[in-house]
Amino acid sequence: MMFRRHRHSVPLLNTTSTADISFMLLIFFLVTTSMDVDKGLRHQLPPAERQRQEESTAVNKADMLALTLTADGRLLADGHPSTPAAVAAEAERLIGRVGRRNIITIEAEGEADSNLYFETQNALADMYRRLRNRVARRRFGRPYGRCDASQREVVDRLVPQRVSESYTGAASASPAPAARPASPASSTPVTAAKGGRP
């Protein structure tokens, strides 16, 4: 007896709309995905070298806090080892003592630790924020962030952010003195670029 073998055909999937669905999913995820934007430190950069105009002014060493970031990962404040929190506290005491005459210099060597640099910058930024909030509350009865533009301008004049940074030649720079002299006659030249705050 002969049995006839039946051929079974495999049903095919209808893939006509697969491309349309893929594109719809792609557009959906592109529209609904939120991109995180890294917000860095806000700094006013100096002009280009060919347009740069420099002036040398005499600054009393007693009005200056010299910070140095060394290649071996140390933070020095006036030649003494320190931490970002201690530097911010020292800068706040300096501003309370000399007012708007203060200047903070940061010298970073070429191989300095970038994390230490940003920690120092964040500590100084928090210190300036606290001081400006304190002045704004005392003068206008509100924190600095809730002041209008004219009030912020007044607070900025009372608490200017005077930070000077240098990155080249810091490794060969002479070390800072062990202590700031109290004599107002001793001064050191500081170079600042025109057209912006140091």
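Checking Glu119 against (1) of a type in the set (Asp, Glu); (2) surrounded by 13 or more Cβ atoms within 10 Å (Cβ to Cβ); (3) more than 21 Å from Ala71 (Cα to Cα); (4) out of contact with any strand residue (DSSP E or B) (no Cβ under 7 Å at 6 or more places or on another chain): exactly one of these is not met. Which one?
(3)
Hey, does the range 102-114 have a residue that's assigned to a helix (DSSP H, G or I) and touching a residue at least 12 places away in the same chain (Cβ under 8 Å)?
No, because not a single residue in the range 102-114 is assigned to a helix (DSSP H, G or I) and touching a residue at least 12 places away in the same chain (Cβ under 8 Å).
Return the residue satisfying two criteria in turn: it lies in the range 44-75 and is at pLDDT below 80 and in a loop (DSSP other than H, G, I, E, B), and of such residues it is nearest to Ala89 (Cα to Cα).
Checked the range 44-75; the qualifying residue nearest to Ala89 (Cα to Cα) is Gln44.
Name the residues in the range 155-169 that are outside any strand (DSSP E or B) and loosely packed, with under 14 Cβ neighbours inside 10 Å, would you?
Arg157, Tyr167, Thr168, Gly169
What about Arg101, is it exposed (fewer than 14 other Cβ atoms within 10 Å of the Cβ) and under 26 Å from Asp156 (Cβ atoms)?
Working: exposed (fewer than 14 other Cβ atoms within 10 Å of the Cβ): no; under 26 Å from Asp156 (Cβ atoms): yes.
The answer is no for Arg101.
For Thr120, work out the one condition from (1) among the hydroxyl-bearing types (Ser, Thr, Tyr); (2) modelled with pLDDT under 90; (3) closer than 15 Å to Ser164 by Cα it doesn't fulfil.
Failing condition for Thr120: (2).
Within the range 127-151, which residues are loosely packed, with under 14 Cβ neighbours inside 10 Å and either among the β-branched types (Val, Ile, Thr) or under 12 Å from the mean Cα position of the chain (by Cα) (or both)?
Residues satisfying the conditions do not exist here.
Yes or no: Ala19 at pLDDT below 80, over 19 Å from Thr120 (Cα atoms), out of contact with any Cys (no Cβ under 9 Å at 6 or more places or on another chain) and not in a loop (DSSP other than H, G, I, E, B)?
no
Consider Arg130 carefully, then state whether it is of a type in the set (Lys, Arg) and at pLDDT 90 or above.
Details: of a type in the set (Lys, Arg): yes; at pLDDT 90 or above: yes.
Criteria met by Arg130.
Checking the condition part of a helix (DSSP H, G or I), in contact with a strand residue (DSSP E or B) (Cβ under 6 Å, 6 or more places away or on another chain) and modelled with pLDDT of 90 or more, which residue from Ala91, Ala136 passes? Lay out the reasoning, then the answer.
Details: Ala136 fails: in contact with a strand residue (DSSP E or B) (Cβ under 6 Å, 6 or more places away or on another chain).
One residue alone meets the criteria, Ala91.
The values are calculated or read from the model by the stated rules, or taken from the named source; none is laboratory data. Computed from a predicted structure; not experimentally measured. All Cβ positions, even for glycine, are placed from backbone atoms using ideal geometry, and neighbour counts span all protein chains on display.
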